[in-house]
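Written below as structure tokens is the structure these notes are about.
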């Protein structure tokens, strides 16, 4: 069982598992296909799982895939803390260009479902963070794209000073939304 809350970005959900704790520790289902699909109101089949390990200050994103290779993602933190950011890029959406920012960590165990048509990125807040995400489409290098983390139109309120960010060379070269 999970609790699903749709965000201001239609189709984007924050999911919270039911955690069973006692003196031994805890147990929860991190993913149950039937419960997940019921919670978000659509059938999603994930085909690829990814894990990244990032040091404090690493900013990954904002990434997405285009066309037939677009991906929906379910993002979860196994260890550490991140500021997770999702940007609505659906041009026909009333929330086009708006973003969701949420802390995901290994204590709150929240997950974010990122639908197709959104960019996704995160900033590592702890000394390191291990991020796990499921994708409903396979990675395709020719379809990868992104937008700058510091795009003035988006005006994302990152939870650290940008001078301390560690970015890949590719992410430094991403275009602005406009």
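The values are calculated or read from the model by the stated rules, or taken from the named source; none is laboratory data. Nothing here was measured: the structure is a model prediction, and the numbers come from that model. Note that we place each Cβ from the backbone using ideal geometry, even for glycine, and neighbour counts take in every protein chain shown.
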Residue count, region 46-58, condition surrounded by 13 or more Cβ atoms within 10 Å (Cβ to Cβ) and more than 16 Å from the chain's Cα centre (by Cα), comes to 2
When (1) touching a helix residue (DSSP H, G or I) at 6+ places or on another chain (Cβ under 7 Å); (2) farther than 22 Å from residue 155 by Cα are applied to residue 57, the one that fails is (2)
From the option list 107, 77, single residue qualifying as outside any loop (DSSP other than H, G, I, E, B) and either within 10 Å of the chain's Cα centre (by Cα) or closer than 29 Å to residue 20 by Cβ (or both) is 77
Scanning region 141-178 residue by residue, the ones that are assigned to a loop (DSSP other than H, G, I, E, B), touching a strand residue (DSSP E or B) at 6+ places or on another chain (Cβ under 8 Å) and under 25 Å from residue 78 (Cα atoms) total 9
Exercise. Has region 67-74 got at least one residue that is part of a loop (DSSP other than H, G, I, E, B), surrounded by fewer than 16 Cβ atoms within 10 Å (Cβ to Cβ), touching a residue at least 60 places away in the same chain (Cβ under 8 Å) and out of contact with any strand residue (DSSP E or B) (no Cβ under 6 Å at 6 or more places or on another chain)?
Worked result: no
For region 18-45 the number of residues that are under 14 Å from residue 76 (Cα atoms) and either touching a helix residue (DSSP H, G or I) at 6+ places or on another chain (Cβ under 6 Å) or crowded, with 16+ Cβ neighbours inside 10 Å (or both) is 2
(message) Going by what's in this entry, would residue 15 be described as within 22 Å of residue 102 (Cα to Cα), touching a helix residue (DSSP H, G or I) at 6+ places or on another chain (Cβ under 9 Å) and either surrounded by 12 or more Cβ atoms within 10 Å (Cβ to Cβ) or in contact (Cβ under 8 Å) with a residue 60 or more places away in the chain (or both)?
(response) yes
Point to revise | Condition met for residue 109 (at pLDDT 95 or above, closer than 22 Å to residue 138 by Cβ, buried (at least 17 other Cβ atoms within 10 Å of the Cβ) and out of contact with any helix residue (DSSP H, G or I) (no Cβ under 8 Å at 6 or more places or on another chain)) | key: no
Kindly establish whether residue 157 is under 23 Å from residue 53 (Cβ atoms) and either surrounded by 11 or more Cβ atoms within 10 Å (Cβ to Cβ) or more than 15 Å from the chain's Cα centre (by Cα) (or both). no
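Okay, residues lined up against (1) within 19 Å of residue 147 (Cβ to Cβ); (2) in contact with a strand residue (DSSP E or B) (Cβ under 9 Å, 6 or more places away or on another chain); (3) outside any loop (DSSP other than H, G, I, E, B):
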residue: 15; (1), (2), (3): no, yes, yes
residue: 34; (1), (2), (3): no, no, yes
residue: 37; (1), (2), (3): no, no, yes
residue: 45; (1), (2), (3): no, no, no
residue: 64; (1), (2), (3): yes, yes, yes
Of 92, 151, the only residue that is without any contact (Cβ under 8 Å) to a residue 12 or more places away in the chain and farther than 26 Å from residue 29 by Cα is 92
Matching residues in region 126-140 (assigned to a loop (DSSP other than H, G, I, E, B) and surrounded by 19 or more Cβ atoms within 10 Å (Cβ to Cβ)) number 0
